[in-house]
Structures are given as C-alpha cells and as structure tokens.
Amino acid sequence: MFLDQRRGWLEQARYYLSAAAYPLQLAVSSPTAAWRWFEESVETRQALRAENDALRAQERVLEMRSLRFEALSRENGELRGLRGALPPVADHWLVAEIVNVEVNSLQQRVLINRGARNGVFKGQAVMDSAGLLGQTIHVGPWSAEVILITDPEHALPVQIERTGVRTIAVGTGDTQSLALPYLPANADVAAGDLLVTSGLGGVFPQGYPVARVVEVRRDAVQPLAQIQAKPLAQLNKLREVMLVWFRPDHPAGPTLSRGQGQSTVEDDLASGNPTYRPQPVPPRPAPARASASASVPTTGAPQPASHAPASAPGSSEPAAPPSRAPVSSSASASAGGPA
C-alpha cells in the first residue's frame, strides 16, 4: 500500500491485467452481443420493409390524386375554352359528355348524356372550343344523338370569310375532311381561307368558324372546282361538347325550332306575319268596247252597232271602221302602256 501510494505500481499492474483479461471478457460476451445484433438487424429490416410499403402506398395515393387534379385542371381548361368560344349571339349553354361514338365512312355520329329533360331539342347546334361540331337529330329524355358536320348526309351553309362567297359544305365520311362541291372553277377561293357559318338554314348562327380550306383543284374540262377543307373542331378527340341556345332577337341568330320561342319558316308561310298589311290595288278598268257600248243613247229606235256613217249610195268607198272609245290614263298605266 505504501509503494502503491508512492510509486503507483499497482495501477500499472492493473493496466496490464485488464489488457490480458479483455480477450476473455470479449469471448464470454460475444454470443450475447451477436444475438442482440442479430435481433436488431432483423427488426431494422422489418421496420424498413414496413416503412417502404407505407411509402409506396402513399406514393400511389399521391399519384392518383395528382392525376385527378390534372384531369380536373384539363377539364376546367376545356370548359373555359368552351365558354370563351361562345359567339355573342349565344344566350346560354350546357356542357354534355360523349358516351358513345359511331364514326365510319357511312355515319359520323355521337351520343351525348343530355336530352329533353335538360331542354335539348331537335336541330340544336353543338360546338366545341375550336369550331362547329354538328347538330342534334334524335332527342330522348336523357340522351341525344348528334350528327357531325363530316357525316355524308349532312350539308352546312357556309361562307368564305375573305371574299364573302356563300356555298354549302358537305360531309365526306372522314373526320378530317369537308367538301365544297358547288363552287365554280373560277371561284375566288384559295388554300388557307377560313369557312364560317353563313347564318342560313335556321340552325347555326352567322360567323362561327367551321373549317379551313386545305386543297383547291381546278380542271379545265370540269365546270366545278374540287375543294377540300379541314374542320376546326377536334372531331376524333372529343370528350365534352357544348349545346348552345341563341338569342332570338339577335340579328345573327338563326331561326329556332317550334316551341323554342320563335316560329319556323313553315309557320311563317302558313300563318304569315300579323304586322304586314296588304297594299291598296287600283280598280281594274272596264274593257274598251264595253265603255263604247255604254256611250250609245238608249232612247228611240235601236241604233246600229257601228257609229260611223254608212257609205253613200252609189259610192264605191267602204264604210269607215267603228270608232273606239278613248282609254283612260289609269287603265294604260295599269296595263303597262304609255299614259
């Protein structure tokens, strides 16, 4: 104890003894440490796997939510485009979704999920954000069938915006093509001209874009030009369409169908416009011979039909022809002759 207090020899001995005993302590505690390390490794692996599964599930949820948000954003953009594409003549509009498509060389038609319950009527204009789409032909309670402008049975009155020439665009059975078969070969039309609705026909308004001319062919032996136009509407990429109601008091508005606030052309021809009044017609004058007969006096003996004096006895000159009563100026004017 004296030497340890003075010199610290036991501390050095303890140092060397601990160095010699450490391998023994490590050998004794190694199985326990190895087991504990194995348990921690297994638990860590399971925890990581569970955490990865949770993160993957959360990632799928976030992806679905992102896709839904993108779809809603795209749909909102399309709706804003539809709303912005409305012509000034539009009164109100309704968005419809396409539930069935029948597009082939014989028919170009789609089915929408809006019908008579929503106020849809036969012959109603259908549009999208780019241009004219077609019109309804069959309307049910909850659905309606729309014939596209490219249907072979559809004809659309159009007008060339640059020149103002009116013609008819006919469907060809192809969603990317319209034909203009009624323009002469010397018509002022060129590739790139914009075709707009002319307002005729009583269905579509005036000035709404329809198609753009892509090809003009003229043959010296053909009296008509061969003109092809491409519709502006995305007929093969449609998801939503727009049903439009037009203002009947607008100058560019078409004539609406019966029951929609304005009479049709057939009704006007049958009943007429009550504001119109017939113009006064001048009385028809009597025939000239009747006037001459009326001028003969009725008293005394009956006179001969001719008022000219008979030829004198012994004279070779024939009697003069009967005189005609003068025609009044009103009768001449009504007959179209000089007064």
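Every number here is computed from the coordinates shown, using simple stated rules; none is lab data. None of these values were measured; they are calculated from a predicted model. With ideal geometry, Cβ positions are generated from the backbone for all residues, glycine too; neighbour counts draw on all protein chains shown.
Tell me, which strands (runs of 3 or more DSSP E) wholly within region 88-177 include 1 or more residues that are over 14 Å from the mean Cα position of the chain (by Cα) and surrounded by 15 or more Cβ atoms within 10 Å (Cβ to Cβ)?
Here the list reads 90-103, 108-112, 132-139, 144-148, 155-160, 166-171.
Taking Gly201, is it surrounded by fewer than 19 Cβ atoms within 10 Å (Cβ to Cβ), at positive phi and in contact with a Gly (Cβ under 9 Å, 6 or more places away or on another chain)?
Against the criterion (surrounded by fewer than 19 Cβ atoms within 10 Å (Cβ to Cβ), at positive phi and in contact with a Gly (Cβ under 9 Å, 6 or more places away or on another chain)), Gly201 does not qualify.
Given the conditions (1) farther than 22 Å from Val110 by Cα; (2) in contact with a strand residue (DSSP E or B) (Cβ under 6 Å, 6 or more places away or on another chain), report the number of the one that Val221 does not fulfil.
(2)
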